[in-house]
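Have a look at the structure below, then the notes.
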Amino acid sequence: MNMTFKKILICAVCAVSLTGCGKRSISSVEEIYSDRNVFAMDTFMTIRAYGDNADEALKSAEEKIKYLESIFSVTIEESDIYKINNSHGSTVEISPETAEILVEAVKMCGKTDGTLDITLYPVLNSWGFTSDNFRIPDTKEITELLEYVDYSKISVDGIRVTIPEGFQLDLGALAKGYTSDAVADVLRENGVESAVINLGGNVRTLGKKPDGSLWKIAVRDPFDTENDMCVLETGEISVVTSGNYERYIEGDDGQRYWHILDPSDGFPADNGLVSVTVIGESGLYCDALSTALFVMGEDRAVEFWRKNQDFDMILVTDSHEIMYTSGVENSFENLTEMSAEVIDSD
């Protein structure tokens, strides 16, 4: 059984291969910036911040990342999530940050009609996607585990959380998005007005470039992951991609089984999409939607966007077609031979 795992799905063009800190001259204007590389939440993260206080701001940002990892992780025994998952039905007191993300997560699970479900952890674990002990469980095993999948059974009362016996939570579909928003807040509080935050492909920009120009964010080609599919030119924004090429198992039957599971049946979501990119103001919102829309498939994803229209998206189908919403029409540059069309809002 083979497994391929890619951690970086999208990258900010201006923030690739960041190391150390320093100065550089662009267009005769001296730009002072600091870079920081962090390994956390099972991924490599890079942050570039501009300004005189950039280095100190990045120290605070790294501390924030490490703290959030310590309370959101499913494997760190002192974390809030680990304590909840091993509570055997009893109530657990948690940090305000965990309470906040859980409240938002339950809202997103409901908003997406359960195509996102943070109680899917027992099923994910049975596939080995959370432990790297990869296997293909049989239908009977998955059916039994699905009895413990139902986000509506989560009870959050202030900083007190209760889930039924046998249920377990996983914030993997939201944690990096929440963290990117938190890092942006930390940088802003430390006087940084221009920055690029790349938390393992979950990209968040702060302000514009120091010279006032827009950022360029590249989205990876799902059919040729060594190259980019498109470039978006944008100001302050969050951009998150989920794809079936990201982490998967190749079974003895020759089929590919990827880590984005459909909560309705516990198997990899196979609804005609290979990549979903969500663009919006909130990193958490984009992170959650990138997973949920992938599970929905093309038709339901388009219907969801038409109903809400508080985000933009780029869909790539398994028939090598790109579809994108009108909000990014003027900033979208196709770098491939694939056809690309704008999704109508009607």
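Values quoted throughout were computed directly from the atomic coordinates according to the rules given, and no laboratory measurement underlies them. Just so it is clear, the model here is predicted, and its values are computed rather than measured. Heads up, the Cβs are rebuilt from the backbone with ideal geometry, glycines too, and the neighbour counts pull from every protein chain shown.
Screening the chain for DSSP H helices whose Cα atoms reach 24 Å or more along their own axis and whose mean Kyte hydropathy is at least -0.5 gives 54-72. Pull out a ≥ b ≥ c, the square roots of the eigenvalues of the alpha-carbon gyration tensor of segment 165-280, then state rounded if a/c is under 1.5, prolate if not and a/b is larger than b/c, and oblate in the remaining case. Oblate is the answer for segment 165-280, as a/c is 1.5 or above yet b/c matches or exceeds a/b. Sorting the segments 165-175, 71-81 by their residues' average number of neighbouring beta-carbon atoms within 10 angstrom, most packed first, yields 165-175, 71-81.
Charge tally around VAL92: other residues with Cβ under 10 Å, Lys/Arg +1 each, Asp/Glu -1 each, net 0.
Which of the peptides 316-326, 178-188 is most tightly packed, and how do the rest follow, judged by the mean count of other Cβ atoms within 10 Å per residue?
Numbers: 316-326: 17.6, 178-188: 23.0.
Going from most to least packed, we get 178-188, 316-326.
Compute the signed sum of charges (Lys and Arg +1, Asp and Glu -1) over the other residues within less than 13 Å, Cβ to Cβ, of VAL161. Within the 13 Å Cβ shell, the charges total -2.
Would you mind pulling out the separation of the Cα centroids of segment 255-329 and segment 190-214, in Å? Value for the Cα centre distance between the two parts: 24 Å. Near THR46, within a Cβ-to-Cβ distance under 10 Å, what is the net charge of the other residues, with Lys and Arg +1 and Asp and Glu -1? After counting each charged neighbour, the total is +1. Global dimensions of segment 70-162 from alpha-carbon coordinates: Rg and Dmax equal 13.7, 39 Å. In order along segment 113-128, the phi-based Karplus estimate (6.51 cos²θ - 1.76 cosθ + 1.60, θ = phi - 60°) of 3J(HN,Hα) comes to 6, x, 5, 10, 8, 6, 8, 6, 3, x, 6, 4, 5, 5, 7, x Hz; Gly and Pro are listed as x. Over all distinct Cα-Cα pairs of segment 110-236, the Kirkwood formula returns a hydrodynamic radius of 18.0 Å.
In terms of distances greater than 28 angstrom between alpha carbons, the cross-link table entries LYS107/LYS209; LYS140/LYS176; LYS64/LYS153; LYS83/LYS153; LYS66/LYS307 yield LYS107/LYS209; LYS140/LYS176; LYS64/LYS153; LYS66/LYS307. The helix-based estimate of mean residue ellipticity at 222 nm for the chain, built from -39,500 (n - 2.57) per DSSP H run of four or more residues and divided by its residue count, is -8500 deg cm²/dmol to the nearest 500. Computed from the C-beta positions of ASP344 and HIS88, the FRET efficiency with R₀ = 51 Å rounds to 0.50.
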